[in-house]
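Here's the structure, in structure tokens; my notes come after.
The values are calculated or read from the model by the stated rules, or taken from the named source; none is laboratory data. These figures come from a predicted structure and were not determined experimentally. Glycine gets a Cβ as well: all are built from the backbone with ideal geometry, and neighbour counts include every protein chain shown. These area figures cover heavy atoms from the full protein model, side chains too; ligands, DNA and RNA do not enter into them. Shrake-Rupley method; radii C 1.70, N 1.55, O 1.52, S 1.80 Å.
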Amino acid sequence: MVYFGCINEKEFNELSSEEQKHHVIKKGVLEELTIDPLAKNSIPTNIEKDEFIKELRISKHLINEFYAYVLKALNPDIENASLDFYFGFDKKIYGLDSKEKKMLALKAFKDIAKDYLSNEIQVFQHEKSSRGIKHVIPQSILSRLFDQQTLFKEELAGTDLINQYIFGNMEAFNASNIYDQELIDSVEKFESNLKILVSLNDQYDFEKDEYFTRTAILKEKFLSKFDILFKSFEAYCFADQKILQIKDLHNVRIEGLYQAMLDAELIEPNALKFKDFVNNEYYFSITKIRSYYRQTNKSHEERVNTYSSEWSKLSFPK
């Protein structure tokens, strides 16, 4: 976790407003965005063509990390809601054939999703068939649910709970306290239903899921944070896959993985950034990534060769 407890509350409260502003920008809590006024729908008449507007917004990285932390606190309730649904659903489909099961699953999918799908705003896109005929395609249900989740993220980031996060107040996220926030009930219900919907969709294949699979989540992270470290999305996926498999000997295995990726030119040569990536994303506690002369450390050489061989055999979804 990069942002949890990143600011000392007592010291922060002793700063002036201007000092607080600079401090949160320095810590990455807020980011300053430069906006071209000509890109807006209405252009103020007092702004010249080459002038820009600067706005401060909560970091997207912070919003995503904070939301994930909140979901971790809500996870027991989310899991229980999912189990309750499947307990009843499995009774309904028991003994039915595949077609009948899918029909009931589709009905459940639509019934649960309808509360989050606005009928007032619908987005369409155009696609051409293989025969060159243009079709009007409505926005998928999962895409609209993704938009709703994004809205919840932004709304939750506007509550005092995010201040408790950056101040490192773990007590605020205890089960007995977190539901004091009015929005939490809505978030918990949405994420419980989303878990069921994503699961039903994965099992019965109603839509192509480009939003909630691990590949989709990794792609969003890669494009927003890690494309400056890894030279391709496939390289990032490989690192993620190998790190998740590490159960012990964290340091030496990470060193072997890093060297193998360097040799294959999959990653930028920056051991410090890779160490921070591993620690922050996977909750390791690596203090340093060392390099070795392979002739003097055969175990390290074997680990590097193993990772190199595994990379050459793997393929990844696009």
Answer yes or no as to whether Phe230 is out of contact with any Ser or Thr (no Cβ under 7 Å at 6 or more places or on another chain), within 20 Å of Ser82 (Cβ to Cβ) and touching a residue at least 24 places away in the same chain (Cβ under 8 Å).
-> no
Unique match (being buried (at least 16 other Cβ atoms within 10 Å of the Cβ), under 19 Å from Arg214 (Cβ atoms) and of a type in the set (Lys, Arg)) among Lys242, Lys275 | Lys242
Name the single residue, out of those in the range 52-89 being open to solvent by 80 Å² or more (accessible area, probe 1.4 Å) and farther than 30 Å from Met103 by Cα, that is modelled with the highest pLDDT.
-> Lys72
Please name all residue pairs, on different chains or six or more residues apart, with Cβ atoms under 8 Å, provided the first residue is in the range 267-287 and is under 17 Å from Cys237 (Cα atoms) and assigned to a loop (DSSP other than H, G, I, E, B) and the second residue is at pLDDT 90 or above and not charged (D, E, K, R).
-> Glu268/Ile228; Glu268/Leu229; Glu268/Phe230
Taking the range 71-116 and keeping only residues that are more than 15 Å from Lys195 (Cα to Cα) and under 23 Å from the mean Cα position of the chain (by Cα), one is left with Ala73
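Check the range 292-308 and report whether any residue there is within 21 Å of Leu218 (Cα to Cα) and surrounded by 16 or more Cβ atoms within 10 Å (Cβ to Cβ).
yes
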Find the residue count for the range 90-105, including only residues that are among the aliphatic types (A, V, I, L, M) and open to solvent by 80 Å² or more (accessible area, probe 1.4 Å).
-> 1
Consider Glu255 carefully, then state whether it is of a type in the set (D, E, K, R), out of contact with any Pro (no Cβ under 6 Å at 6 or more places or on another chain), under 28 Å from Leu83 (Cβ atoms) and open to solvent by less than 20 Å² (accessible area, probe 1.4 Å).
-> no
Quick one: which of Tyr258, Tyr307, Tyr293 is touching a Leu at 6+ places or on another chain (Cβ under 6 Å) and more than 20 Å from Glu65 (Cα to Cα)?
-> Tyr307
Enumeration of residues in the range 141-180 that are surrounded by 17 or more Cβ atoms within 10 Å (Cβ to Cβ), in contact with a helix residue (DSSP H, G or I) (Cβ under 8 Å, 6 or more places away or on another chain) and either outside any helix (DSSP H, G or I) or among the aromatic types (Phe, Trp, Tyr) (or both) = Phe152, Tyr165, Phe167, Phe173
If you scan the range 5-21, which residues turn out to be surrounded by 12 or more Cβ atoms within 10 Å (Cβ to Cβ) and not charged (D, E, K, R)?
-> Gly5, Cys6, Ile7, Asn8, Phe12, Leu15, Gln20
The number of residues in the range 203-227 that are closer than 12 Å to Ile141 by Cβ and open to solvent by less than 80 Å² (accessible area, probe 1.4 Å) is 5
Filter pass, Phe190 being out of contact with any His (no Cβ under 6 Å at 6 or more places or on another chain) and modelled with pLDDT of 95 or more | yes
